[in-house]
1. If you place +1 on the Cβ of every Lys and Arg and -1 on the Cβ of every Asp and Glu, how big does the dipole about the Cα centre of the chain come out, in debye to the nearest 20?
2. For helix 31-44, report the angle its Cα long axis makes with the longest principal axis of the Cα atoms of the chain; keep it between 0 and 90° and round to the nearest 10°.
3. By how many degrees, between 0 and 90 and to the nearest 10, does the Cα long axis of helix 86-98 differ from the longest principal axis of the chain?
4. What shape does the range 1-95 have by the C-alpha gyration tensor, where a ≥ b ≥ c are the square roots of the eigenvalues, rounded means a/c under 1.5, and otherwise prolate means a/b greater than b/c and oblate the rest?
5. Could you please tell me the mean projected area of the C-alpha convex hull for the range 41-102, averaged over all directions and given in square nanometres to one decimal?
Amino acid sequence: MGKRRRRLKPGGPRKQYTSTAQVRMLNLHHKDVFKYHLSQILEDSEMKDDQKQTFKANILSKASQQSIASAIEYIDSVVAEGHLEEDTARRIFRLLDDYTTRR
């Protein structure tokens, strides 16, 4: 008897799956609760009101779309510029850790 030939599937040979590294990001299931707690933290800070909205939006977008690390870098840069106190930044770091997931 001859060798049996393997028939290829119509879509071609199967491609190897390569996994990508997971990144720490904001848990989107708790996005509204995160925004509420972030607002409470910023309410106690001495940041100007017009800067608070921009700051909050930047943290939310960086944490949910890029990574928690990029949000932390942004917060550090705002602290270095003198717009935010160290104590408030530490509270935001803890909040980010509480609402983190890997995606």
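We did not get these values from a lab; they are worked out from the coordinates using the rules stated. Everything numeric in this text was worked out from a predicted model, so none of it was measured. All Cβ positions, glycine included, derive from the backbone under ideal geometry; neighbour counts span all protein chains shown.
1. Details: 20 positive and 14 negative charges, 477 e Å.
In debye, rounded to 20, the chain gives about 2280.
2. For helix 31-44, the angle is close to 20 degrees.
3. 30 degrees
4. prolate
5. Across all orientations, the range 41-102 yields a mean hull projection of 3.8 nm².
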